[in-house]
Amino acid sequence: METINYQNFRIDAENICVDYNGKVALYDANLRLKPGQICGLVGMNGAGKTTFFNALTGFVNISKGKIRINGESVRSAQKDQTIAYVPQNEGIDSQFPISVWDVVMMGRYGSMNIFRCPRESDVQAVKDAIERVDLTDHLSTPIGNLSGGQRKRTFLARAIAQRASILLLDEPFAGVDIRTEKLISELFIQFKNEGKTILLSTHDMIHVREFCDLVLLINKTVVAYGETSEVFTPENITTTFGGISPDFLFGPES
Amino acid sequence: MELCSFLTLDSFITDPLTHGFMRKALLMSSLVAAVCGFLSSYLTLKGWALMGDAVSHSVMPGVVVAYALGLPFSLGAFIFGVGSVALIGFIKQKSRVKEDTVIGLVFTGFFALGIVLVSKIKSNIDLHSILFGSPLGISLSDVKQTIFISLLVVILLSIFRKDLMLYCFDPRHAKTVGINVFFLHYLLLTCLSLAAVVGLQSVGIILVVAMLITPGATAYLLTDKFDNMTVISVLSAIISSLIGIYISFWFDLETGGSIVLAQTFIFLFAFLFAPRYGILKLKNFFAGYK
């Protein structure tokens, strides 16, 4: 086999396994993504999507395998602010007493001093990020007073302010309004052009066809991985969802 | 004024101040309240009320052993406070028993151990003051220790204020950008144990959890800004301490209980009348809303 230059891959996960106290959540999973690629992560609830994200961010430790981010360890990716995680709306406490500005500023924490005092450049990055997601009118709005779509955009702005080259998005389209969906899809195109790599989990098959160059179907391990046009077939999807036919999952028109 | 000293607000406040023990009690309780109130914001947002209860009860055997050995009581309390949390984590991980059950059984176990130790050791330990607090009878060495611990906790919380907020809000993001979440977790636990130690002098082990959660809960109803929440929490804690001590002085009531009752009443007041989050929704009432 020829030698591979790992620097070429933004994400390179090789045979990774994750288990929680002996219970296997993910095994022998592989994923390679280059700059500018958008990959959909599709699977049932409990199939290991969140676990996969957690492994890439270093939130859980892998028990086997190897992860390289831009050719380096997850630890150094954390230090370099390489990966941004955009949580599911359900994954955060929306009643937390914090404003849009404060949340987006958290994207800068990793590169600030220990007291987290914002510098001029941090303030500018936060301003720009909020402008890109069209929330300038809501700078000091508590996140509890935002709609689901606005809240999603707030966390996208945090990822933008972080200036990460890899974005992990957990259900970015769940529970958002049409306007937010349009804005997110425009941002995806911009991110792609900027050479960012995006991995997003979704339940919506239409979004996979629309946005994703690649798709990773998982059910505790990789069921299929490759170009969306080749891999995203009814047979593969049926296998991923444990034998339930795609017609049943998303209507006869697909 | 001297004739009906009780009835004028002026002497209601100044008379107790002529007693040295009252001045000391008011000062120390305010300090302790401020520390607990500061921490309270984090505990309520993190959802650690039960953890606060567990740690504060678990320090009991530590306090008893430290007294018996002549060590600083804070040291013993700290070891048992953090130890209880470690034990809770261990049992939870290694068994199928649910977390709240594990917390409940561990802290009652520690607490029972403390009570048994008191009856066995029978030294000069005053069980009543440990259980119910004794802000009026605090000794000089306790004063020094309390000031030291309070300053330590305030400094730690001030330095890591924003990181702890991030840790409570979104630990996954914190980890992703390379912030040491493990350290923050144990920092918060350490502060919790230390605050429980100083708080128990004011209101005792049984009620100290109120000092750690009620001010934060009150503040949470009154604001949508984290910094304001901390300030309101600290102020409401201090005010309740002062009210509690005065009330207990004039009406000869248990001091710890009075302080906590004052906190509870302030919470109920916020629960009813908080502009946005009170059940009466006064903001809508006055403004017609939008």
Say whether the condition of being on the phi < 0 side of the Ramachandran plot and within 14 Å of chain B (Cβ to nearest Cβ) is met by at least one residue in the stretch A:169-185.
yes
What's the number of the only condition in (1) touching a Cys at 6+ places or on another chain (Cβ under 9 Å); (2) surrounded by fewer than 18 Cβ atoms within 10 Å (Cβ to Cβ) that A:Leu214 fails to meet?
(2)
Does A:Asp19 qualify as being among the charged types (D, E, K, R), within 30 Å of B:Gln93 (Cα to Cα) and assigned to a loop (DSSP other than H, G, I, E, B)?
no
When the stretch A:153-179 is examined, which residues are found to be over 12 Å from the mean Cα position of the chain (by Cα) and of a type in the set (D, E, K, R)?
A:Arg153, A:Arg158, A:Arg163, A:Asp177, A:Arg179
Pick out the one residue from B:Phe267, B:Phe249 that is touching a helix residue (DSSP H, G or I) at 6+ places or on another chain (Cβ under 6 Å), modelled with pLDDT of 95 or more, closer than 27 Å to B:Pro16 by Cβ and surrounded by 14 or more Cβ atoms within 10 Å (Cβ to Cβ).
B:Phe267
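So that you can scan it fast, the table gives a plain yes or no per residue for (1) buried (at least 18 other Cβ atoms within 10 Å of the Cβ); (2) within 12 Å of chain B (Cβ to nearest Cβ):
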site	(1), (2)
A:Arg75	no, yes
A:Gln78	yes, yes
A:Gly91	no, yes
A:Pro97	yes, yes
A:Trp101	yes, yes
A:Ile114	no, yes
A:Asp122	yes, no
A:Ala129	yes, no
Out of the residues in the stretch A:48-65 meeting the condition of being crowded, with 17+ Cβ neighbours inside 10 Å, not aromatic (Phe, Trp, Tyr) and not in a helix (DSSP H, G or I), tell me which one is farthest from the chain's Cα centre (by Cα).
A:Gly65
Check whether at least one residue in the stretch B:204-223 is at the interface with chain A (Cβ under 10 Å from one of its Cβ atoms), among the β-branched types (Val, Ile, Thr) and either within 25 Å of A:Val103 (Cα to Cα) or surrounded by 19 or more Cβ atoms within 10 Å (Cβ to Cβ) (or both), and report yes or no.
yes
If you go through the stretch B:66-123 one residue at a time, how many are in contact (Cβ under 8 Å) with a residue 24 or more places away in the chain and among the acidic types (Asp, Glu)?
1
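State whether the residues of the stretch A:43-54 include one that is hydrophobic (A, V, I, L, M, F, W, C) and within 14 Å of another protein chain (Cβ to nearest Cβ).
Scanning the stretch A:43-54, I find at least one residue that is hydrophobic (A, V, I, L, M, F, W, C) and within 14 Å of another protein chain (Cβ to nearest Cβ), so the answer is yes.
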Among the candidates B:Phe148, B:Phe183, residue that is among the aromatic types (Phe, Trp, Tyr), farther than 30 Å from B:Ser129 by Cα and in a helix (DSSP H, G or I):
B:Phe183
Any residue in the stretch B:165-191 that is at the interface with chain A (Cβ under 8 Å from one of its Cβ atoms) sitting within a Cβ distance under 7 Å of a residue that is part of a helix (DSSP H, G or I) and charged (D, E, K, R)? List the pairs, counting only those 6 or more apart or interchain.
B:Cys168/B:Lys46; B:Gly178/A:Lys79; B:Ile179/B:Asp163
Checking A:Ile83, A:Ile69 in turn, the sole residue that is farther than 25 Å from A:Asn21 by Cα and more than 8 Å from every other protein chain (Cβ to nearest Cβ) turns out to be A:Ile69
Might you check whether a residue that is closer than 30 Å to A:Arg116 by Cβ and either within 14 Å of chain A (Cβ to nearest Cβ) or hydrophobic (A, V, I, L, M, F, W, C) (or both) occurs anywhere in the stretch B:242-252?
no
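The values are calculated or read from the model by the stated rules, or taken from the named source; none is laboratory data. Fair warning: this is a prediction, and the values are worked out from it, not measured in the lab. Cβ: placed from backbone, ideal geometry, glycine included. Neighbour counts: every protein chain shown.
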